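Data block below; observations after.
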Amino acid sequence: MTGEQVSETNYTHRWMRQLQSIAIHPEIQDGAPVFCGTSIRIETFYDFTRIGVSISEFLQEFPSLTRDQVNDVYELMQLQLTPDHIREIMLASIGRSLPLEARQITAAA
């Protein structure tokens, strides 16, 4: 295993738990990262926290979310990952686990 492969593996595993709280699908919010099981954009959470809304207040506004989901995304936000970074990471991890034909379809979406 090369240093690049080890680095990429560590990169993926480091955020794997947090990424389980996020979904990307081309037919949901135009493929933007959303909280899993919802159509609530991750970007919405970022916007709310940027204006000073607490996690508890955000959960009151979006009761379909769990505290664990929001905490997972908050941890990614603290690592300074933007919604675009999260989308790229997720698409890259999906691409590595799919056959070539599926990777091309996913990338086109």
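Label sites at residue 75 and residue 20, each approximated as a point 7 angstrom past Cα along Cα to Cβ, lie 1.0 nm apart. Here the label points at residue 30 and residue 48, each 7 Å from Cα along the C-beta direction, are separated by 2.2 nm in the simple model. Between amide H atoms placed 1.01 Å from N, distances below 5 Å from residue 22 occur with 36, all of them 5 or more places distant or on a separate chain.
Bear in mind these aren't lab numbers, they're just calculated from the coordinates by the rules spelled out. Every value quoted in this text rests on a predicted model; they were computed, and no experiment measured them. We place every Cβ from the backbone using ideal geometry, glycine too, and count neighbours over all the protein chains shown.
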